[in-house]
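Beneath this line is the structure, given in structure tokens, with notes to follow.
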Amino acid sequence: MSNLSLTRRDFLKKLALGAGAITVVPILEACAAPAAPTTAPAATAAPTVAAVVSPTVLKPSAPFKLGSILPYTKVYAGLGESITNGMTLYFDSVNNTAGGRTIDWIKEDEANDAQISLQALTKLIQQDKIDMITGIVNTGIMYALRTPLNDAKMPSVISNAGGNLLTRKGVNGNLKGLYSPYIFRCSFSSYQISNPLGGWVAQNVSKKVAICASNYGFGTESVADFKATFTAAGGTIMGKDILPPLGTTDFSTYLPQIAATNAEAVYSFFSGSDALNYVKQFDQFGLKKTMKIVGAGFLTETDVLPGQGASALDAYTTLHWSTTLDNPTNQKFMADYAKRFPNKEVDVFAMAGFDAARIIVEALNAVKGDTSDQSKLLDAIRAVTFDSPRGTFVFDPNTNNVINEIYYRQVKQNASGGYENAIIGKTPQPIKDPENV
Amino acid sequence: MGRPVRSPLPRIPMLNLTPDFLLIQLLNGLSSGVLLFLISAGLSIIFGMMDVINLAHGSFYMLGAYFGLTILRVTQSFWLALILAPLLVALLGLAGERFLLRPLKGRGHLDQVLLTFGVALVLADLVLAVPGWGGTVRALPAPPELAGSIPIGKGQYPVYRLFAIGVGLLLALILGLIITRTQIGAIVRAGVADAEMASGLGINISLVFSLVFAVGAALAAFGGVMTAPIVSLQPGMDADTLIRALIVVVVGGLGTLRGAFWGSLLIGEVDNFGRALLPDYALFSIYVIMAVVLLLRPAGLFGRKT
Amino acid sequence: MPRQTEILWAIAIAIVLALIALPFVESTYVVTTVTEILIFAIFAMSLDLLIGYTGLVSFGHAAFFGIGAYAAGYLAQMLSPNFLVYLPLALLITAACALVIGFFSIRVSGVYFLMLTLAFSQMVYAIAFNWTDVTGGSNGLSGIPRPQIELFSLQWSFEDEISRYFLVLAFFLLSYAALRAVVRSQFGHVLVGIRENETRLRAIGYDTARFKLAAFVIAGIFAGVAGVLYAGFNRFVSPGEVYWSASGQVLIMVIIGGAGTLVGPALGAALVLALQNVVSSSTERWSTIMGLIFILFVFAARFGIIGLIAQIMEGMAVRLRPALPKEINGHPPN
């Protein structure tokens, strides 16, 4: 990948040797045999002096080093691939250059593991000396990386992790707000997606709604955001919240409980395989005949919709994008994507990667490739605006979170027999995420 | 709404404990239990007979499902997938036993753990690397003739799950008969009791080991194909299933088919009702049951006392 | 003989000096990586007290690492960022948990012990996941302050990587020394006796359950030490730290390093983490490579890294082998 990784590998080889030296003691203790030849490994530990790294001189002509942390293994591997594809598509379209500098993109695996991601971040910052970072799918991992990113004053363009706290400011000494002036998010927050849904459901779908959501931070946060506007608009929550653990494959335990609430609709927060299984089993257990599904758009996103098929039909969801969004930028994006990546369906994650790459390029162009003055660079990111597949892209300067137009969508069958999220409306104004916790 | 039942325990959500509701929940527990049996049966016998902790057993389950997916795509037949995928995995199991496990004979559990963990890592990554398999979550639809639901009380129940229960119980019965009534079953039982003595009786024990290992792998793969229409395929399915199967094996007792069977049903039902009754601790209930069983009966429900 | 002891001491001192010199000759990245390795080395050594010495294969040791880390993170945020205040408190909490879990776990042996410890660690995981007010739930505890030491008028804050490295190094050396003292004491010999033949020890009047429980608690405390250091190092703790896969990782470190020696597991930690760092950033298919390396180890390095080194040093292997357990599988021969 990067040409630096070679040197780094050498470091680690030495490191392993150095550690090897530690072993010598007990071995010798254990065997108490002549020990003459064993000084060698101990000697290698010390003189790995080679590593005097000269400070990077920031010349506009030097390559711009972009680090990314995205999942390529474990459960979110598909999302990592989508985001990477979207980024590749945009970077290719500008010949991998911005502001006169080539973009040297160093990829690390998020692996759905905070410890591995923290190691990757350390490597990117301390070893590769990146100028900027992007990616991060899992909100929990994002919260783990937030402190070191903020400490390192690392400009960050987050392309998924949607937990509300990331761009919120803590007031009155509240420790929970994780806003950082260096961290931007170009994807969404859970508030932006689920808050506009509540009132709309109460008015247009039903005032008797049950709740079923993945039991983890992002799921319960989304439920709260939905409830706030739903009850304010006169809706009633039926029964207790039903919260299956994240990663549930068999929802058969929960489906009879949902049926027992006698609600007319169920707000459902699931994504990935959970969403696929939930929607299919909801139909298999006959609930679809009496209840409508409403939820955050990930429930029926294109990564799971083909597997859900007719089971997803008529589900109402909100999201900041859809394949059916009829604007020229989106049409071109989807056509280009299909041509470049024929084996991978375009989805909202690919769109976020595409936009993240564009934000990075636009900001670099704005400062003409000169990243030496960090406040200028951050200002340039904050000011980026362009025509995105989702509509006009613009950051909220108070929170560094994207301001999203939210679309109301319903799953319908298209002309070719497949299923898609048809757009049936949108929020009157674009949605800003609140500034404070 | 039916009358909510007052419960003496705190934090239990008010559920509609109608007979319908209970019946459906019982069936849910039963369907996941019998499917779990297919995976844990092989694990338990292999453990009891060969003294092998096979952490790659979940990978057999996963590979079965993904082979099934490909066979279904090519042949459009779920039934062919259900037959061919286990055969392919059985061959893989044979090779693994012959070339990886057998050379480790007499080396202790820690080496087996490291070896089979390494194999599981490689296989999980293989699934991600094969185009059309990993990365994205995949659905394997039930055969059209079993796709619908039938009414049970006021609710509906998917036909496929009833079919899965039937197949699982039938297989359990067949396996039980083989173990208790046939000569090969007698050899396996002798092997579990004392492998050295069995070989002393002139039985080609390493051939029996190979066969048992292959059958165990095939059963897990069969379970993978059977489960796929219910829960879909995704990276990580191997590890989750392995842990559940290990729990079944120790709860039932190492090396007993009966233990694997009743252990599977127990874990299936406990997991299901645990999720319904103590939703906050859904991840927790099967571990509590395992701990309780082990503290009361340290060798599992049907295990021999050591 | 005295000459050999002198050589051993010379080598030990050379290694310690090399570790002390490391930050002055290597880049920050290497220093940070070695810091993490040392933390996990403490963790792996603590587990080996159970596996390698007592013959108890635990599959839930991450529980104590996690309890130590959560307790440290919570106390550092809520009570005091003073390391000298929250370290002992966190260790006390870890020890109490280890006492309770150990009390039940040691009643069974072999694979049943392995699964029972797994069960308890998963219960700890469920608590970490659900007790959101204290643990932050699935989002974890973030923004944990860096360790500080305040003693009378002395103040020392571990702001930079190098000072944190020395803090961790000090704890690594202390832990090694302490565990070494444990395994070489009369108590340690009884543990090895339990591994080799528990029935015999019981027959000659040892209350082996007490010894096993004590070993379990000591191992838990040192896992807690690693956890406390980890909280200050990463400034973040999440339920992932107590999940079964974390217990599996440290188990692999012990096996690959060579169970039954203290330095083996430390080396195992170094190898696994170094590999993870290198391989994961050079290819997406890094799991395959890690898996193949593990398989290779089983066949090529019978007693882990430590056995490999012994094999390389001709002649020594003969003396080393008997010092290693012939077979550690959690089944003490009865």
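The values are calculated or read from the model by the stated rules, or taken from the named source; none is laboratory data. Just so we're clear, the structure is a prediction, and the values are computed from it rather than from any experiment. So basically every Cβ, Gly included, is an ideal-geometry build from the backbone, and we count neighbours across all protein chains shown.
Taken over segment A:286-314, the residue count meeting the criterion of being farther than 25 Å from B:G134 by Cα and surrounded by fewer than 24 Cβ atoms within 10 Å (Cβ to Cβ) is 9.
Residue-wise test of (1) at the interface with another protein chain (Cβ under 10 Å from one of its Cβ atoms); (2) on the phi > 0 side of the Ramachandran plot; (3) buried (at least 22 other Cβ atoms within 10 Å of the Cβ); (4) without any contact (Cβ under 8 Å) to a residue 24 or more places away in the chain.
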residue	(1), (2), (3), (4)
C:W9	yes, no, no, yes
C:A18	yes, no, no, yes
C:F24	yes, no, no, yes
C:T32	yes, no, yes, no
C:D48	no, no, yes, no
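Among the residues making up segment B:53-94, those that are assigned to a loop (DSSP other than H, G, I, E, B) and surrounded by fewer than 21 Cβ atoms within 10 Å (Cβ to Cβ) are B:Q76, B:S77. Taken as a whole, segment B:56-63 holds no residue that is within 14 Å of chain C (Cβ to nearest Cβ), closer than 25 Å to C:V279 by Cβ, out of contact with any helix residue (DSSP H, G or I) (no Cβ under 7 Å at 6 or more places or on another chain) and of a type in the set (A, V, I, L, M).
Return yes when A:D347 is buried (at least 24 other Cβ atoms within 10 Å of the Cβ), touching an Asp or Glu at 6+ places or on another chain (Cβ under 8 Å), in the same structural domain as A:T249 (by TED's automatic domain parsing) and at negative phi and no when it is not. Considered against the rule, which asks whether it is buried (at least 24 other Cβ atoms within 10 Å of the Cβ), touching an Asp or Glu at 6+ places or on another chain (Cβ under 8 Å), in the same structural domain as A:T249 (by TED's automatic domain parsing) and at negative phi, A:D347 comes out as no. Yes or no: C:F40 outside any helix (DSSP H, G or I) and either crowded, with 24+ Cβ neighbours inside 10 Å or touching a residue at least 40 places away in the same chain (Cβ under 8 Å) (or both)? No; evaluated as a whole, the condition is false for this residue. Of all residues in segment A:262-292, those that are in a loop (DSSP other than H, G, I, E, B) and under 24 Å from A:G217 (Cβ atoms) total 2. Just so you know, in segment C:188-208 the residues that are loosely packed, with under 15 Cβ neighbours inside 10 Å and of a type in the set (A, V, I, L, M, F, W, C) include one that is nearest to C:F104 (Cα to Cα), and it is C:A203. Here segment C:277-286 is the region considered, the condition is being part of a helix (DSSP H, G or I) and without any contact (Cβ under 8 Å) to a residue 40 or more places away in the chain, and the residue that is farthest from the other protein chains (Cβ to nearest Cβ) is C:V279. Among the residues here, C:I255 does not qualify as within 11 Å of chain B (Cβ to nearest Cβ), surrounded by fewer than 20 Cβ atoms within 10 Å (Cβ to Cβ), part of a helix (DSSP H, G or I) and in contact (Cβ under 8 Å) with a residue 12 or more places away in the chain.
The number of residues in segment B:247-293 that are facing chain C (nearest Cβ under 10 Å), part of a loop (DSSP other than H, G, I, E, B) and out of contact with any strand residue (DSSP E or B) (no Cβ under 8 Å at 6 or more places or on another chain) comes to 3.
Identify, please: which residue in segment A:201-218 is within 9 Å of chain C (Cβ to nearest Cβ) and not in a strand (DSSP E or B) and is, among those, surrounded by the fewest Cβ atoms within 10 Å (Cβ to Cβ)? Checking each candidate, the answer is A:Y216.
Considering segment A:129-168, and only residues there that are under 16 Å from A:E110 (Cα atoms) and among the hydroxyl-bearing types (S, T, Y), the residue that is farthest from the other protein chains (Cβ to nearest Cβ) turns out to be A:S159. Filtering B:I53, B:I83 for residues that are among the β-branched types (V, I, T) and touching a residue at least 12 places away in the same chain (Cβ under 8 Å) leaves a single hit, B:I53. The residues of segment C:108-140 that are among the aliphatic types (A, V, I, L, M) and either within 20 Å of the chain's Cα centre (by Cα) or more than 9 Å from every other protein chain (Cβ to nearest Cβ) (or both), listed by number, are C:L114, C:M115, C:L116, C:L118, C:A119, C:V124, C:A128, C:V134. Of the numbered criteria (1) assigned to a helix (DSSP H, G or I); (2) polar (S, T, N, Q); (3) within 14 Å of chain A (Cβ to nearest Cβ), the one B:Q156 fails is (1).
From the list C:I289, C:I221, the one residue that fits, being over 20 Å from A:T122 (Cβ atoms), modelled with pLDDT of 95 or more and either out of contact with any helix residue (DSSP H, G or I) (no Cβ under 6 Å at 6 or more places or on another chain) or not in a loop (DSSP other than H, G, I, E, B) (or both), is C:I221. Note on segment A:244-266: among residues that are under 15 Å from A:G286 (Cβ atoms) and free of Cβ contacts under 8 Å to residues at least 24 places away in the same chain, the one that is nearest to the other protein chains (Cβ to nearest Cβ) is A:A260.
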